[in-house]
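Readers should treat all values here as calculations from the given coordinates under stated rules, not as data from a laboratory. As the structure is a prediction and not an experimental result, all values here were calculated from the model. A quick note on method: Cβ atoms are made from the backbone with ideal geometry, for glycine too, and the neighbour counts reach across all protein chains shown.
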Amino acid sequence: AQSVSQHNHHVILSEAASLELGCNYSYGGTVNLFWYVQYPGQHLQLLLKYFSGDPLVKGIKGFEAEFIKSKFSFNLRKPSVQWSDTAEYFCAVNAPGNSGYALNFGKGTSLLVTP
Amino acid sequence: KAGVTQTPRYLIKTRGQQVTLSCSPISGHRSVSWYQQTPGQGLQFLFEYFSETQRNKGNFPGRFSGRQFSNSRSEMNVSTLELGDSALYLCASSKDQGVQYFGPGTRLTVT
């Protein structure tokens with residue numbers, strides 16, 4: 001079955017620490033990959049996306065992600081987190097040639113950044 | 001440009017009742033998708049509408065239905081509510097086959 005796995009459910013970091021959140025998917029064929037963020041009390045917002053081309057994509061607020069096709073992974077990174085990065089992060093995948101444009105989400109990673 | 005709007009923002013219903021939720025997409029977006037978010041199951045796809053036609057459907061019972069109007073606004077309906085239907089219902093709009101932009105959601109509580 002097609003699935004999206006996020007390795008860490010809860011992450012606690014100090015400000016200025018580096019962040020890497022793992023995401024793996026089990027889809028064959030062409031995929032579109034996304035990271036969304038949900039800040040406390042706010043709606044889901046797009047952080048970054050990968051459709052094709054350069055596998056290293058840059059998003060808003062200093063986030064980046066790398067698509068590694070051979071590993072079916074799309075890990076999210078940020079070199080130095082801030083307290084304002086406290087939020088829930090969701091990896092999502094769709095497979096246009098397979099299941100259409102419906103997003104299949106991972107379970108999410110809750111990030112707490114402490115001062 | 002205004003974002004995706006959803007009404008109402010909060011609802012409390014009793015088991016067995018039915019409910020209708022509304023979504024207005026971003027201007028120019030013709031695709032509207034609905035998702036259910038719960039602590040246990042996370043975010044799950046319900047259905048997608050494009051040009052008034054259901055284009056894709058998730059794995060939910062027939063009690064969950066939707067429709068889209070000619071102005072791209074969409075509604076979803078849940079009949080015979082169950083306690084397990086308590087969730088945040090999210091609407092997302094996109095230009096066809098593009099990035100999905102989410103609304104704030106409708107928080108449904110079934111008692």
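Applying the Kirkwood pairwise sum to the alpha-carbon positions of segment A:20-95 produces a hydrodynamic radius of 12.8 angstrom.
Per residue and in Å³, how big is the convex hull formed by the alpha-carbon atoms of the protein assembly as shown? Walk me through the numbers on the way to the answer.
On the way: hull volume 28.6 nm³, N = 226.
Hull volume over Cα atoms, normalised by residue count, gives 127 Å³.
Just want to confirm a number: the relative contact order over segment A:20-69, from Cα pairs under 8 angstrom separated by 6+ residues, in percent.
Numbers: 54 pairs, mean separation 12.0, N = 50.
Over segment A:20-69, the number comes to 24 percent.
Ratio to report: Rg/Rh of segment B:66-111, with Cα atoms as the point set and Rh obtained by the Kirkwood method; give two decimals. Computed over Cα atoms, the ratio is 1.04.
The charge dipole of the protein assembly as shown, taken about the Cα centre with unit charges on the Cβ atoms of Lys, Arg (+1) and Asp, Glu (-1), comes to about 380 debye, rounded to the nearest 20. Neighbouring Cβ atoms from other chains, within 10 Å of the Cβ of residues in A:101-109, number 6 on average. Applying Stokes-Einstein at 20 °C and 1.002 mPa s to the Kirkwood radius of chain B, computed over alpha-carbon pairs, gives a translational diffusion coefficient of 155 µm² s⁻¹.
What number, in percent, do you get for the relative contact order of chain A if the mean sequence gap of Cα pairs under 8 Å and at least 6 apart is divided by its residue count?
Values: 281 pairs, mean separation 42.3, N = 115.
This gives 37 percent for chain A.
Ranking A:Phe90, A:Phe105, A:Val11 by Cα position along the charge dipole of chain A, where only Lys, Arg, Asp and Glu carry charges on their C-beta atoms, puts A:Phe105 farthest toward the positive end. Segment B:Arg107..B:Tyr10, full-extension length gain: 34.4 nm, with 0.36 nm per residue of separation and the alpha-carbon distance subtracted. Expressed as a whole number of Å, what is the distance separating the alpha-carbon centroids of segment B:18-92 and segment A:46-115? A separation of 24 Å, based on Cα centres. The mean sequence distance of close C-alpha pairs (under 8 Å, at least 6 residues apart), as a share of the length of chain B, puts its relative contact order at 37 percent.
Return the subset of A:Lys49/A:Lys78; A:Lys71/B:Lys95; A:Lys71/A:Lys107; A:Lys58/B:Lys57; B:Lys13/B:Lys95 for which the Cα-Cα distance in this structure is over 25 Å, preserving the input order.
On the way: A:Lys49/A:Lys78 15 Å; A:Lys71/B:Lys95 30 Å; A:Lys71/A:Lys107 19 Å; A:Lys58/B:Lys57 31 Å; B:Lys13/B:Lys95 33 Å.
Exceeds cut-off: A:Lys71/B:Lys95; A:Lys58/B:Lys57; B:Lys13/B:Lys95.
Each residue of segment A:67-115 gets 98 Å³ once the volume of the Cα convex hull is shared out per residue.
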